[in-house]
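*Asks:* This is the structure I have questions about; it appears just below.
The values are calculated or read from the model by the stated rules, or taken from the named source; none is laboratory data. The structure displayed is predicted, hence computed values, not measured ones. Glycine gets a Cβ as well: all are built from the backbone with ideal geometry, and neighbour counts include every protein chain shown. Surface accessibility is based on the protein's heavy atoms, side chains included, excluding ligands, DNA and RNA. Shrake-Rupley method; radii C 1.70, N 1.55, O 1.52, S 1.80 Å.
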Amino acid sequence: MSELPYLAIVGGGIAGPALALSLKKHHGISSIVYELQPKYDVRGVNITLAPNALRVLQHVGVYDTVRPQGYRYENIHMSNARSQALGTLRQGSPKHYNFSSLRIHRAIVQKALLDELKVQGIPVVFGKKLVQLHEEKEFVELEFADGTTARASFAIGADGVHSRVRDAIMETKTSYSGFMGIIGMGVKRESLHKSASQVPLPNFVFGSRGFVAIMPSSYEGDMVDFFSTMPYPARSREEWNELANDKTKIQEILQQRYGNEWPHFICDMTKDYDKEGLSLLPFFEVPPLERWTSIKRRVILIGDSAHAFTPQGGQGAAMGLEDAETLSHTLSHPDFKSDYVRLLTAWERHRIERLRLVKDFTDLNGRLRTPDTAVIQWLKELLIWGRFKWTGELGNLQWLHGYNAEDIVRFF
Ligand SMILES: Cc1cc2nc3c(=O)[nH]c(=O)nc-3n(C[C@H](O)[C@H](O)[C@H](O)COP(=O)(O)OP(=O)(O)OC[C@H]3O[C@@H](n4cnc5c(N)ncnc54)[C@H](O)[C@@H]3O)c2cc1C
């Protein structure tokens, strides 16, 4: 495999390790991962992995590791703040997609990927913060904060929403999306008010004051988390940090919105949940990019560095995983060395078009979750109800959940 390109991957989050694994396992190509964290350190909150994400995890060999560490489910039940059922989305389905969906902590997924890199002998260099990158005709040179440099034939930016790699190859500005999220994790299901027992979980509750999701997150389903995404005014980075640390204020925000006139178990949670455990996260977005590659095509962006948007479609990590696997099949194409400009262009066009659709889907979810007047809220609930009556439980989302990254080869 010595003729194949040698890759430097910047970022050991989700997309970067998945790319390194897919390249090694399926095509025998080695790469090296540079990660800014000084040591093995995984973090995050609970996330949903829909079948299209789990398919990639299976292909890179970590699905069996993560599956018993999260909550598997097929249906998300939708209701309104008066506990009336609005519809059911079959998000996961062994029958239709070969996979259920999985609710799991992001740190478990990242750890499984990093552990598998170790097993496969793929090096991860911690404490390497990329500060600059120079693209030459034949190679890319990476500069790190510790003063060292490294060279590779191609460099991959998998360094997240505030990507340094992206800044080095194009002018973009990440901006606050206008939405933030509040999440409380690790609630014992048995501790919920008895009204919760009449509600099937996972449940998405929509009301004129916003949106709350209740999702089991442990294997047995005995632990649940609740989260709400909501519009919130922009502020500086320091002010966001201040707000994120002000747990009393976060609890107040929840209570003002959902402390009364919502199902009893939700009202209770806003008061009874230990406020120290609440996390608040502003969502930043990367504007839709016309290109995910540099002019000379030796630097390539994947994951949040190429297309971060709000998590209101539950598809952020999934898109990074799909990017990773599709790119691995592109980089390993037999003609890649002589024809990489054409192949990367085809990959980029395909992924940009898919991301446009997924972003539209995400933004629509965001609009349905936004507080509104009683009349508009009534119309939104009618729309949700009518949609599932019309489309059935799969919600016409087979294009999203049925995607198989291996099919990228059809686009070359
Ligand atoms: C509250 C919340 C809920 C979410 N829910 C879901 C969900 O339900 N489903 C879903 O699919 N997605 C969800 N997401 C999105 C998902 O977590 C991200 O889309 C995903 O983690 C992006 O993966 P990534 O590898 O592109 O970037 P990241 O996971 O951000 O990883 C980037 C890595 O690069 C490293 N790095 C950064 N800068 C440098 C540098 N200069 N040099 C070297 N290394 C660097 C970072 O330390 C990090 O390890 C959610 C996100 C949030 C915030």
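*Asks:* Starting from the eigenvalues of the Cα gyration tensor, five times each then square-rooted, give me the equivalent ellipsoid semi-axes of region 276-412, largest first, whole Å.
*Replies:* Values: eigenvalues 235, 68, 30 Å².
Ellipsoid half-lengths, sorted descending, are 34, 18, 12 Å.
*Asks:* Same structure again: Sort H77, H134, H264 by accessible area with a 1.4 Å probe, largest first.
*Replies:* Working: H77 40, H134 70, H264 95 Å².
The ordering from most to least exposed comes out as H264, H134, H77.
*Asks:* Student exercise: in region 163-287, how many lysine pairs 8 or more apart or on different chains have Cα atoms under 22 Å apart?
*Replies:* 9
*Asks:* Another question, then. Residues of the chain: accessible area per residue at 1.4 Å, in Å²?
*Replies:* Values: 18000 Å² over 412 residues.
For the chain, the per-residue accessible area is 44 Å².
*Asks:* Right, next: What is the distance, in nm, between label points placed 7 Å from the Cα along the Cα-to-Cβ direction at R367 and at W385?
*Replies:* Using points 7 Å along Cα→Cβ, the separation is 2.0 nm.
*Asks:* Compute the relative contact order of the chain as a whole-number percentage, counting only Cα pairs closer than 8 Å that sit 6 or more residues apart in sequence.
*Replies:* Working: 828 pairs, mean separation 91.0, N = 412.
Relative contact order comes out at 22 percent.
*Asks:* Taking H as built 1.01 Å from N, whose amide H comes closer than 5 Å to the amide H of L86, not counting residues under 5 places away?
*Replies:* M78, S79, N80
*Asks:* In sequence order, what are the phi-derived ³J(HN,Hα) couplings for region 387-395 according to the Karplus relation 6.51 cos²θ - 1.76 cosθ + 1.60 with θ = phi - 60°, rounded to whole Hz, with x for glycine and proline?
*Replies:* 4, 6, 5, 6, 9, x, 5, 6, x
*Asks:* Return the long-range amide H neighbours of A308 (sequence gap of 5 or more, or a different chain), with a cut-off of under 5 Å between placed amide H atoms.
*Replies:* Hits under the 5 Å cutoff: V286.
*Asks:* With the full set of protein chains in place, find how many percent of the accessible area of the chain is carbon and sulfur; take the probe as 1.4 Å. Show your work: numbers first, answer last.
*Replies:* Numbers: 9350 of 18000 Å².
For the chain, the apolar C and S fraction of the accessible surface comes to 52 percent.
*Asks:* Restrict the search to region 267-376; then list the GluC sites (Glu not before Pro) that DSSP places in a loop and that have at most 13 other Cβ atoms within 10 Å of their Cβ. If you can, show how the numbers build up before the last one.
*Replies:* Numbers: sites: E276, E285, E290, E322, E325, E348, E353; in loops: E290.
Hits after loop and neighbour filter: E290.
*Asks:* Let me ask something else about it. Trypsin sites (Lys or Arg not before Pro) within region 125-164: which are DSSP loop residues with at most 13 other Cβ atoms inside 10 Å?
*Replies:* Values: sites: K128, K129, K137, R151, R164; in loops: K128, K129, K137.
Sites meeting the loop and neighbour criteria: K137.
*Asks:* Kirkwood Rh over alpha-carbon pairs of the chain, then Stokes-Einstein at 25 °C and 0.890 mPa s: what D in µm² s⁻¹, rounded to an integer?
*Replies:* Details: Rh = 22.1 Å.
Rounded to a whole number, D works out at 111 µm²/s.
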